[in-house]
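The values are calculated or read from the model by the stated rules, or taken from the named source; none is laboratory data. Keep in mind it's a predicted model, so treat the numbers as computed, not measured. Heads up, the Cβs are rebuilt from the backbone with ideal geometry, glycines too, and the neighbour counts pull from every protein chain shown. Each accessible area value is taken on the protein alone, full model and side chains, heavy atoms only, with ligands, DNA and RNA left out. Shrake-Rupley method; radii C 1.70, N 1.55, O 1.52, S 1.80 Å.
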Amino acid sequence: MRPFAYERPTTIPAAVALLAEHGPGARLLAGGTDLIIRLRDGTIRPQMVVDLKRIAELDDEIREGDGGLTIGARTTMTDIAADPRIRRDFQALAEAAAVVGSVQIRNRATLAGNICNASPAADTAPALLVYGAIVVVTGPDGTRRIPIDEVFVGSGVTTLARGELVAAVELPRPTDRRGSVHVRRTRRRGHDLASVTLACAVTADGVTRMAYGSLGPRPVVVSDETGVLADPAAPDDAKMQSLEPLFLDASPSATSMRASPEYRLAMLRVLGLRAVGTAIERLAEASVGGP
Ligand SMILES: Cc1cc2nc3c(=O)[nH]c(=O)nc-3n(C[C@H](O)[C@H](O)[C@H](O)COP(=O)(O)OP(=O)(O)OC[C@H]3O[C@@H](n4cnc5c(N)ncnc54)[C@H](O)[C@@H]3O)c2cc1C
């Protein structure tokens, strides 16, 4: 690992000032589960690492407000997976957080880090897309709230400007009964990044939202408003026909070591159909504003 300067600011303005001063040579550190690996293998060689863990405004709280939940930038996967409000109203996110890495990784890995690392295989991304999460970003020009779909650009690339950092993630409160689920496919049991990671939510008004990752440079979110997917009585072949157009933007890499494009596309169909079935079952059990 190349030597670098290390700073641990205690306020957001101090962190933003360090980013402004050092430009592309500065990197933010949250849980470090992505960053440290890249420092070690030399794929990034920053002059300065800015540790966010002492910044009181970037906390690890999950707050409930009128509009929904706000997840602080330092909230870990362990805390998200265990939170009763997330498990009740945002079940796919709780399930996604629960399968990230291992216990040790989940105890360090933050939701904000998972977003900012922008891996196409990021497990929490599909759930955040399905729930229409809002990313609260702070930088030299103040604070802005960005719909999560406008954050992802490509592998490792987001729309965050230089000097900006994620302060929190907001999950809008569900306005209707909803059933949702996260599913994924990995090469082997145990720790592995997903060959397909997918979240699906079905609401009582018959709308199905689905998002999938590891099938192109960024995760994709789609929806079906015909009601066919959400119809418990619709046969699988009719559902499959409705799913096909939702998968048109899947463009898996031909050079990935994890799985072939053909395998990923086949698994996308299998998991998509399965996820719709589970979301419908959960919708039937959900109370108003429930999961
Ligand atoms: C063994 C192992 C297994 C893993 N398994 C999975 C898995 O199954 N699924 C999965 O999705 N991921 C997995 N990961 C990846 C990783 O754990 C997650 O992406 C994690 O959520 C990253 O969060 P972090 O807090 O550790 O981020 P860090 O490593 O600290 O940072 C990651 C990136 O985000 C930036 N960043 C962090 N916080 C902020 C912020 N608040 N504002 C702006 N930029 C920020 C950093 O500068 C860096 O570029 C695995 C990693 C390892 C090492």
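Among the residues of the range 32-51, those identified as open to solvent by 20 Å² or more (accessible area, probe 1.4 Å) and near the ligand (Cβ under 8 Å from one of its atoms) are T33, D34, L35, I36, I37, R38.
Inside the range 52-70, residues that are of a type in the set (A, V, I, L, M, F, W, C) and within 11 Å of the ligand (Cβ to nearest atom) make up a count of 3. Within the range 137-145, is there a residue that is surrounded by fewer than 23 Cβ atoms within 10 Å (Cβ to Cβ), in contact (Cβ under 8 Å) with a residue 40 or more places away in the chain and of a type in the set (K, R)? Scanning the range 137-145, I find no residue that is surrounded by fewer than 23 Cβ atoms within 10 Å (Cβ to Cβ), in contact (Cβ under 8 Å) with a residue 40 or more places away in the chain and of a type in the set (K, R), so the answer is no.
The residues on offer are S223, S260, S287, S251, and the sole one that is farther than 16 Å from S195 by Cα, of a type in the set (G, A, S) and without any contact (Cβ under 8 Å) to a residue 40 or more places away in the chain is S223. Kindly check whether there is at least one residue in the range 137-150 that is in a loop (DSSP other than H, G, I, E, B) and more than 8 Å from the ligand (Cβ to nearest atom). Yes, there is a match, as at least one residue in the range 137-150 is in a loop (DSSP other than H, G, I, E, B) and more than 8 Å from the ligand (Cβ to nearest atom). Restricting attention to the range 194-240 and to residues that are in contact with a Pro (Cβ under 9 Å, 6 or more places away or on another chain) and part of a loop (DSSP other than H, G, I, E, B), the residue that is surrounded by the fewest Cβ atoms within 10 Å (Cβ to Cβ) turns out to be P217.
Among the residues of the range 154-163, the one identified as within 12 Å of the ligand (Cβ to nearest atom), in contact (Cβ under 8 Å) with a residue 60 or more places away in the chain and open to solvent by less than 50 Å² (accessible area, probe 1.4 Å) is G163. Looking across the range 173-193, the residues that are open to solvent by 50 Å² or more (accessible area, probe 1.4 Å) and not in a loop (DSSP other than H, G, I, E, B) come down to R184, R185. If the condition is being under 21 Å from T138 (Cα atoms) and among the polar types (S, T, N, Q), then the range 1-51 contributes T10, T11. Taken across the range 169-184, residues that are of a type in the set (K, R), within 26 Å of V270 (Cβ to Cβ) and within 15 Å of the ligand (Cβ to nearest atom) do occur, with at least one present.
Would you check if there is a residue in the range 91-111 being in contact (Cβ under 8 Å) with a residue 40 or more places away in the chain, more than 16 Å from the chain's Cα centre (by Cα) and crowded, with 18+ Cβ neighbours inside 10 Å? Among the residues of the range 91-111, not one is in contact (Cβ under 8 Å) with a residue 40 or more places away in the chain, more than 16 Å from the chain's Cα centre (by Cα) and crowded, with 18+ Cβ neighbours inside 10 Å, which makes the answer no. Looking only at residues in the range 1-12 that are surrounded by 13 or more Cβ atoms within 10 Å (Cβ to Cβ) and not in a loop (DSSP other than H, G, I, E, B), the one that is farthest from the chain's Cα centre (by Cα) is A5. Please tell me if R258 is surrounded by 15 or more Cβ atoms within 10 Å (Cβ to Cβ), farther than 21 Å from V181 by Cα and not acidic (D, E). Yes: the conditions hold for R258.
No other residue among I134, I115 is open to solvent by less than 10 Å² (accessible area, probe 1.4 Å) and of a type in the set (V, I, T) apart from I115.
Tallying residues that are open to solvent by less than 20 Å² (accessible area, probe 1.4 Å) and outside any strand (DSSP E or B) within the range 16-30 yields 4.
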